[in-house]
1. Mind checking which of A95, L124, H83 is farthest towards the positive end of region 75-132's charge dipole, using Cβ charges of +1 (Lys, Arg) and -1 (Asp, Glu) about the Cα centre?
2. Springs between alpha-carbon atoms under 10 Å, Gaussian network over the chain: tell me which of T123, T90, T68 tops the mean-square fluctuations.
3. On alpha carbon coordinates alone, what is the Rg over Rh value for region 1-47, Rh being the Kirkwood radius?
4. Along the three principal axes, how long is the chain when you take its alpha carbons, biggest first, rounded to the nearest angstrom?
5. Could you compute the FRET efficiency for C75 and T125, with r as their C-beta to C-beta distance and R0 at 25 Å, rounded to 0.05?
6. Normalized C-alpha radius of gyration of region 1-81, against 2.2 N^0.38 Å?
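The numbers here are math on the coordinates, done by the rules we state, and not lab data. Since the model is a prediction, treat every value here as computed from it, not as a measurement. Here the Cβ is made from the backbone with ideal geometry for all residues, glycine too, and neighbour counts use every protein chain on show.
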Amino acid sequence: MISHRGHCRCEGVVILANCEPEITVFCHCDDCRRSSGAPVLAAVSFEKAHIEWQASSTLAKYVNGSCTRLFCNQCGSPIAQEHESAPTRTYFNTAFMDEPERYPPTAHSYAPEQLAWLELNDTLTRHEKTFSIEAK
Ligand SMILES: [Zn+2]
Ligand SMILES: [Zn+2]
């Protein structure tokens with residue numbers, strides 16, 4: 001079985017996804033920047049039904065409108081996001097996954113919001129807004 005493991009720094013949150021990744025994307029929106037503390041967020045989604053939460057004792061959630069951000073309340077690692085308009089998926093931060101090289105982004109969301117000093121020399125599709133959830 002194909003499995004994909006992810007964990008936060010303190011291992012209070014550990015997941016195994018027993019399915020293929022669905023969506024891999026860069027997001028340049030302000031909300032992703034703030035929740036990750038990084039100039040751009042890379043995310044990979046898995047179907048909720050195939051995600052096994054092996055540890056979740058320190059899992060915390062921050063609900064902001066239709067978006068819920070998951071993070072670790074012990075080590076502070078950002079973990080994932082969930083959206084009301086995509087109820088079957090959890091979008092994990094690619095850097096939360098144990099093997100981030102396996103999930104190269106295939107597109108950009110909110111491309112016009114990309115920071116001017118951030119250089120990304122790729123030829124991926126650049127969406128004005130999002131393509132996998134309902135736009136804000
Ligand atoms: Zn942690
Ligand atoms: Zn975003």
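1. The residue sitting most towards the positive pole is H83.
2. Per the Cα network of the chain with a 10 Å cutoff, T123 tops the list.
3. 1.03
4. On the principal axes, the chain reaches 38, 31, 27 Å in Cα extent.
5. Values: r = 34 Å, r/R0 = 1.36.
Efficiency for this residue pair is about 0.15.
6. Scaled against compact globular proteins, the figure is 1.08.
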